[in-house]
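Laboratory data are not the source of any read-out in this text; all were calculated from the coordinates shown. The structure displayed is predicted, hence computed values, not measured ones. Backbone-built Cβ (ideal geometry, glycine too); neighbour counts: all protein chains shown.
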Amino acid sequence: MKENEKNACDAFIKIFLKMKGIEYRIDEFPEEINRNSQDVEVILTPKDKNEQSPKIAVEHTIVEAHEKQIAYVNQSYDIVGKINQRCKGKLPTNCYFQLDIPPALVIGTSNKSRNQFVEEISGWIPIVAQSLTINQQVLRLYNRHKVWLTCGGSSSRLNGKIGRRPTGPEEADKEKQNRFRRAIEEKLPKLIKYKDKGYTTALLLEDVSGNHSDPGNNLKKLIPNQYHSEFQSKIDYVVIFGSYEREMIIGNVWKEESQLYAEIPDNRRFYQQLWTAAH
């Protein structure tokens, strides 16, 4: 079981205890026994052996803000790291800077193209950085894509350095719908199978986009028509987690039994500190 999967399950257990007053524990890993099956990842069992509540079948998946977001994050960190090395000692030391690199200049590009980008941008930044004041930006068009350099402020730890600030694709709203839809479509069949066996079912969506947005209740956009009724009747809980470095920091309950929230209420929004209600 991966670290982020366990963290999501642990967070769900604590959130479920807050909501329902029943404490569960991780009990089985059916998918690990038979990788080619339609078994779920985790089974949760009530800690109290006398508890009559059903076991919970859990599926977890990551949803990205756009296609290959995780690869974009990793590669863009590498790019900015190389730019920092080249600009060392050439930047003002009373402030720090942030560089916005669009995914189009990172994802699907060759090492040669990325190295050329590093070379050109590393020559441009020290020149324009000298005249920037805090919160001021300067734009550079690179292969028809916008690259922004911002003076972020002053910090003894960061001054004289460049950090990365992620940007999304132009069709961000469409990408947002696509990522939720793909995650739900992929996991529905497994959870339906276990619901038919008498389990409670839970889908944990780990949102790594940084936006942690609510998907709303427009099932026409999120789920194929043939799955609408099954999603409503056979998926008991859907929790959208916001994560940072594989740790769950936000947990929003989007679906709770028959209730699908168009806007998640305050008492179903949870945060990391003891997973208590935020309001």
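At a glance:
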{"read-out": "Region 111-163 versus region 244-260: alpha-carbon centroid distance in Å", "value": "36 Å"}
{"read-out": "Cα gyration tensor shape for region 109-167, rounded if a/c is under 1.5, else prolate or oblate", "value": "prolate"}
{"read-out": "Spin-label model distance (nm) - GLU120 vs GLN177, 7 Å beyond Cα toward Cβ", "value": "3.5 nm"}
{"read-out": "Other-chain or far-sequence residues with amide H under 5 Å of GLY242's (modelled H)", "value": "ASP207, ILE249, ILE250, GLY251, ASN252"}
{"read-out": "GLU28 long-range amide H proximity, modeled H, under 5 Å", "value": "ILE43"}
{"read-out": "Cα point-scatterer Debye curve for region 69-166, base-10 log of I(q)/I(0) at q = 0.18, 0.25 Å⁻¹", "value": "-0.77, -1.44"}
{"read-out": "Model label zone, TYR142; criterion: amide N under 11 Å from point 7 Å along Cα-to-beta-carbon; scope region 86-119", "value": "99-106, 113-119"}
{"read-out": "Whole-angstrom Cα spans of the chain along principal axes, big to small", "value": "69, 38, 36"}
{"read-out": "Over region 69-166, relative contact order from alpha-carbon pairs under 8 Å, at least 6 apart, %", "value": "46 percent"}
{"read-out": "Two-site FRET efficiency, LYS112 against GLU230, from Cβ-Cβ distance with R₀ of 45 Å, rounded to 0.05", "value": "0.40"}
{"read-out": "Filter on LYS18/LYS187; LYS20/LYS187; LYS20/LYS190; LYS234/LYS255 - keep pairs with C-alpha separation over 18 Å", "value": "LYS18/LYS187; LYS20/LYS187; LYS20/LYS190"}
{"read-out": "Theoretical ellipticity at 222 nm over the chain - DSSP helices of four or more residues, -39500 (n - 2.57) apiece, nearest 500", "value": "-11000 deg cm²/dmol"}
